[in-house]
1. So what is the accessible area of the range 182-222 per residue, in Å², with the probe set to 1.4 Å?
2. With the crude spin-label approximation of a point 7 Å out along Cα→Cβ, what separation in nm comes out for Val149 versus Thr34?
3. If you stretched the chain out fully between Glu80 and Ala67, how much longer would it get, using 0.36 nm times the residue separation minus the C-alpha to C-alpha distance?
4. I need the phi-derived Karplus couplings for the range 200-215: 6.51 cos²θ - 1.76 cosθ + 1.60, θ = phi - 60°, integer Hz, Gly and Pro marked x.
5. Would you mind counting up the charge near Gly191? Only other residues with Cβ under 14 Å from its Cβ, with Lys and Arg at +1 and Asp and Glu at -1.
6. How many percent of the alpha carbon pairs in the range 66-118 exceed a separation of 17 Å?
Amino acid sequence: MNPVPSSDPERRPAASPAAGRRRRKAAPQLSVGTLDDIRPGALLVALPALTDPTFAGAVVYVLDHSATGTIGVVLGRPSEVRIGDVLPGWSDLAVEPGVFHVGGPCETDTALCLATRRGTGPLPEDSGLRPVCGAVHLVDLDSDPEPLVGEITGLRVFAGYAGWSPGQLGTEIVQGSWACVDGLPGDVLTGAAGPELWHAVLRRQTGRLGVLSTAPADPSAN
């Protein structure tokens, strides 16, 4: 026989939460990195808050970061200029498509070349390679390309670069314009371009930053 519930309110059991109602968890914060995370080999990923059409939907590979500022190249923006038409000696080492990529709005008549190296041993001084991060190296385009055959897995040439003066990039990160994430050597030579590259990089991230991979790379294009 079931006991009769007490009529004494002080002896009644405490009311349980309504079925199906749970305390809502706080949404995780959007982690975009800090100025301390910016170093050679890192990626700067443009966030939807960045409305500058020059960098909307951009992924920038950082080449140098110091007290004098930050320099990088925008990835995934191929042009129609063939490397063989300008630098014929280097075209055989370039990955497809064998064209110049638009590295940024600064000094667009300047060519910067990045390559990924196969080995890890010491390099001779006249190799024409300067380490950036891990397997990624800057290539001296005034050097002889022949010794690099078999030494590198491929290269890409960029016209121009992206640059920030001291304090400028830190301000833009605080404003929510950029996220700083880890880069991979394969990012430099990837065949992905434009929104495809932007989405691919964000899909590697966790939390709310990874969720952004479903958003448009350039909201102004909608």
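The values are calculated or read from the model by the stated rules, or taken from the named source; none is laboratory data. Keep in mind that this is a model prediction, so the values were computed, not measured. Heads up, the Cβs are rebuilt from the backbone with ideal geometry, glycines too, and the neighbour counts pull from every protein chain shown. Each accessible area value is taken on the protein alone, full model and side chains, heavy atoms only, with ligands, DNA and RNA left out. Shrake-Rupley method; radii C 1.70, N 1.55, O 1.52, S 1.80 Å.
1. 54
2. So the two model labels end up 5.0 nm from each other.
3. Gain on extension, Glu80 to Ala67, equals 1.1 nm.
4. 5, 5, 5, 5, 7, 8, 10, x, 5, 5, x, 5, 4, 4, 8, 8
5. -1
6. 40
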